[in-house]
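Structure record follows, encoded as structure tokens.
The values are calculated or read from the model by the stated rules, or taken from the named source; none is laboratory data. Worth saying up front: this structure is predicted, and the values here are computed from it rather than measured. Methodologically, a virtual Cβ is constructed for each residue, glycine included, from the backbone with ideal geometry; neighbour enumeration extends over all protein chains shown. Ligands, DNA and RNA are excluded from the accessible area calculation, which covers all protein heavy atoms including side chains. Shrake-Rupley method; radii C 1.70, N 1.55, O 1.52, S 1.80 Å.
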Amino acid sequence: MNNTNQFDVAIIGGGPAGLSGALVLGRARRSVVVIDEGKARNRVTRETHGFLTRDGVSPSEFRAAAAEQMRQYPSVSLVQDAAVEISGADGAFRIVTASGDAYEAKKLLFAVGKKDRPLDIAGLADAYGRSAFVCPYCDGWELRDQPLAVIASGEGAMHMAKTLAGWTSRYVICTNGPDGLTDELREALAKRDIPLYDAPIERIESKEGMVEQIVLQDGQRLACTGIFFAPALVSGSDLPQSLGCEMTEAGSLVINEFGGTSVPGVFGAGDAATIRYQAIMAASMGSIAAVGINMELLQETWDNA
């Protein structure tokens, strides 16, 4: 590690976005510290999908491979710790971690992802990451042609109903209370023989994480082998807001085409800055942000020559 704890760039978050950004910056000969607490949202899943050359690897295997490749770039330091406080401004940021260490950096990249709010349906946590998922593009292939259930309401339910049709025709929609749908949308579901249940969910029954059925409070039991649900998410960290970064209603950082936020010198990438939650997209955003950061640093050096 850099003995002075002074870096060109500090990256908060060591998932696909943060690690991709670190790789690009390391290859650009920038000194980089990646601070990650090791509590990734996707750690509950067994496999990462849709990432070319890495399809099917576990999140831990993905990170281990990334760390191994990063070793050939000595200017990149990986630190397992939690960033708890950030102060300063463009060119002179200071990050303090939970362990009391301090790091200084000219630029910041927030790749903090998002976090799930507590899963308030009994039994859902037992199946999450094994047979209950949030993204058909990530996990639909493994559940293709199987009897599935969608847990969502309103527009989210309709979006998932249309999306999931690409993987199976055997699914039901559970809104876990008032469906939030218009008569027109209910008719659209009925026309396509998609059952709609608005009774609250009593519990989800599974065996070793594999869903067997959903039990509704009205006594109905819906047999299924998999679930897709709409998660309730919040930002993975309050630190961007503490610096004054503009956020969307969904809790995402507002960024420009190169990942720049509303605060000079601060960038965002990955799930922290989008609602399209795919590992390969997060990695792409991290790479783009890294280019944006490096160009700023190059321009500043050029202007000060």
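Structure notes:
- Computed from point charges on the beta carbon alone (+1 for Lys and Arg, -1 for Asp and Glu), the dipole magnitude for region 151-245 about its Cα centre is near 300 Debye.
- Convex hull volume of region 116-242 per residue (C-alpha atoms, cubic angstrom): 119 Å³
- For region 212-305, the spread of Cα positions along each principal axis, largest first, Å: 74, 27, 16
- For region 242-296, convex hull of alpha carbons as volume per residue, Å³: 68 Å³
- Spherically averaged projected area of region 63-164 from its Cα convex hull (nm²): 10.8 nm²
- Take 101-108, 122-129 and order them by the average number of nearby Cβ atoms within 10 Å per residue, most first; the result is 101-108, 122-129.
- Lone cysteines, the chain (no partner Cβ under 4.7 Å): Cys174, Cys224, Cys245
- Lys/Arg +1, Asp/Glu -1 at C-beta; region 205-305 dipole; positive extreme among Leu239, Gln299, Val215: Val215
- Amide H within-cut-off set for Gly123, under 5 Å, with H built and near neighbours excluded: Ile204
- Evaluated on region 32-87, the Kirkwood hydrodynamic radius is 12.8 Å, with distances taken between all distinct Cα atoms.
- Entry comment: accessible area of the chain is 50 Å² per residue, from protein heavy atoms only and a probe of 1.4 Å.
- Gln241-Thr301 pseudo-label distance in nm [points 7 Å out on the Cα-to-Cβ vector]: 3.7 nm
- Shape call, region 14-60: gyration tensor on alpha carbons, a/c limit 1.5: oblate
- Solvent-accessible area of region 22-165 (1.4 angstrom probe, protein heavy atoms only): carbon and sulfur portion equals 49 percent.
- With DNA, RNA and ligands ignored, accessible area of Arg192 (1.4 Å probe; Å², nearest 10): 140 Å²
- Straight-distance candidates among the lysines for linking to Lys191, with alpha-carbon spacing under 29 Å and chain neighbours fewer than 8 residues away dropped: Lys162.
- Zero-based 20 Å bins, Cα pair distances in the chain, whole percents: 32, 49, 19, 1
- Residue ranges 252-260, 13-21 sort as 13-21, 252-260 when ordered by packing (mean number of other C-beta atoms within 10 Å per residue, highest first).
- Remark on region 169-243: ratio of C-alpha radius of gyration to 2.2 N^0.38 Å is 1.44.
- Note on Lys39: lysines with a C-alpha under 24 Å away, same-chain residues under 8 apart excluded, are Lys107, Lys114, Lys115.
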